[in-house]
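Working notes, structure below.
Since every read-out is calculated from the coordinates, none of them should be taken as a lab result. Quick caveat, the model's predicted, so the values are computed rather than measured. Every residue, glycine among them, receives a Cβ derived from its backbone with ideal geometry; neighbour counts consider all protein chains shown.
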Amino acid sequence: MATTKGARRIGGKIRDADLEQIIGELLRYGVLASSLVVLAGGIVYLVRHGGQYPQYQAFRGEPDKMRKPVLMWEAVWRGEGRPLIQLGLLILVATPIARILFSFIGYLLEKDYLYAALTVIVLLVILLNF
Amino acid sequence: MTILVFSVILFFGALIAGLLGSLTGLGGGVVLIPLLTLVFKVDIHYAIGTSLISVIATSSGAAAAYVKEGITNIRLGMFLELATTAGAIGGAFLATYLPTSVIAILFGVILIVSALLSFARPADPVTAGTPSALSKKLRLNNSFPTPEGEKHYLVKNVVGGFIMMNIAGVISGLLGIGSGALKVIAMDNIMRIPFKVSTTTSNFMIGVTAAASVGIYLKRGYIDPGLSMPVMLGVLGGAFLGSRMLTKAKTKSLKMLFAAVILVLAAEMIYNGINHTI
């Protein structure tokens with residue numbers, strides 16, 4: 001399947017089809033990497049807290065170490081499982097965002113400046129609200 | 001029920017949701033939120049955050065395969081993401097101000113609409129004629145591989161599709177679902193592109209749309225690791241199994257069954273919303 005559209009590289013220029021292959025791989029590995037981190041965090045969490053009782057009936061909001069990446073990272077080094085799960089989720093969220101970044105670079109290389117501009121706007125809309 | 005038992009049950013619940021969602025094309029998010037809120041009595045804010053995570057996981061996983069096959073119209077997806085991401089952010093802000101009972105009722109209504117829309121026959125795609133100036137300028141007209149060779153198509157009514165996508169984005173950000181049904185309708189019936197292209201392109205956009213609102217949910221503490229972990233792994237596992245099962249022949253009856261389940265869940269959500277018990 002990959003060769004039907006994928007191999008149309010003319011004079012070393014980047015084509016849409018090359019971008020499709022790269023984006024496909026990026027998404028696949030992003031999801032895989034995040035699943036592994038979430039799984040690792042999940043094991044630590046269940047070993048440490050598996051015997052306790054869940055409390056989700058009332059909304060209390062998460063503590064800072066589940067919301068701020070720097071604090072998540074520090075808590076992971078203290079051996080906590082839940083912040084590690086959150087880091088895995090951040091990798092998952094970063095995957096489609098990285099995909100936009102790749103598209104942007106690709107459009108620049110293709111000299112498609114209209115789409116390069118569109119991708120930058122989408123990227124800014126997402127990053128400014130993070 | 002201890003956390004261990006709770007996590008295991010949630011994992012299998014999400015596995016089934018992911019499997020059914022992938023086989024019927026309705027997505028797993030639509031049953032996850034009722035499952036979490038009605039069965040496990042989880043607060044709807046947590047449920048929405050959890051569902052949003054699962055939506056990103058399944059859409060990215062599936063998009064990886066579709067994009068490489070060259071069916072997805074990436075330019076169309078990129079262009080419409082302008083509309084969906086802006087909408088999603090608006091929706092996420094709205095979610096923090098609306099009372100939970102209103103969110104539950106809205107969710108029920110969208111569930112019913114999605115289930116009904118999944119049975120709508122897509123309009124015939126436009127393959128010949130003169131492309132509109134806007135679709136030419138944006139280079140949206142494209143082709144996709146079929147067993148009979150490359151098939152060309154034109155993208156109609158770009159502005160109408162864009163507005164519909166904006167609405168789909170708001171709903172996605174507000175309710176934590178992919179709103180794939182609305183996206184496919186916008187592309188099939190308004191923009192008149194082939195069904196295969198619209199479903200894969202919709203799926204391609206869902207991850208980015210959800211990523212736009214997830215930052216707001218994370219900051220507000222709606223994303224809980226204890227819920228997200230079993231749900232994300234379960235839904236991904238289910239979607240993977242679904243993509244391996246070639247039950248094309250039974251899809252129709254499965255879809256009927258799934259739609260029936262969704263209608264019951266929707267009624268339950270609306271009922272609980274009206275009684276303020278959610």
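List of remarks:
- Average other protein chain Cβ within 10 Å of Cβ, residues A:117-130: 5
- Most to least packed among B:169-177, B:32-40, B:196-204, B:112-120 [average Cβ atoms within 10 Å]: B:169-177, B:196-204, B:32-40, B:112-120
- Shielding by partners - mean other protein chain Cβ count within 10 Å, residues of B:7-16: 1
- Among B:128-137, B:41-50, B:6-15, A:109-118, sorting by the average number of other beta carbon atoms lying within 10 angstrom of each residue, highest first, gives B:41-50, B:6-15, A:109-118, B:128-137.
- Mean ellipticity per residue at 222 nm, deg cm²/dmol - from DSSP H runs of n ≥ 4 across chain B, formula -39500 (n - 2.57): -23500 deg cm²/dmol
- The calculated FRET efficiency for B:Lys136 paired with B:Leu4, based on their beta-carbon distance and R0 = 56 Å, is about 0.45.
- Computed over the range A:61-126, the P(r) tail beyond 20 angstrom holds 46 percent of alpha carbon pairs.
- Other protein chain C-beta atoms within 10 Å of residue C-beta, averaged over A:91-104: 6.
- Ranked packing of B:74-81, B:269-276, A:78-85, most packed first, by mean Cβ within 10 Å: B:74-81, A:78-85, B:269-276
- Annotation for A:Glu74 and A:Ala94: the two label points, set 7 Å from Cα along the Cα-Cβ direction, are 2.0 nm apart.
- Here the simple spin-label model places points 7 Å from the Cα toward Cβ, and for B:Ser101 and A:Arg15 these points are separated by 6.0 nm.
- Whole-number percent relative contact order across chain B, with pairs defined as alpha carbons under 8 Å at least 6 apart: 39 percent
- Rough spin-label spacing in nm, given labels placed 7 Å along Cα→Cβ, for B:Asn275 and B:Lys41: 1.4 nm
- Once the convex hull of all Cα atoms in the protein assembly as shown is built, its volume per residue stands at 133 Å³.
- For the range A:21-94, the alpha carbon convex hull comes to 102 Å³ per residue, rounded to a whole number.
- Computed about the Cα centre, the dipole magnitude for the range B:119-205 is approximately 200 debye when only Lys and Arg (+1) and Asp and Glu (-1) carry charge, each at its Cβ.
- To the nearest ten degrees, helix B:158-175 and the longest principal axis of the Cα atoms of chain B are 10 degrees apart.
- Mean projection area, nm², convex hull over Cα of the range B:3-274: 13.7 nm²
- Taking Cα centre as origin and charging only the Cβ of basic (Lys, Arg, +1) and acidic (Asp, Glu, -1) residues, the dipole magnitude of the protein assembly as shown rounds to 560 debye.
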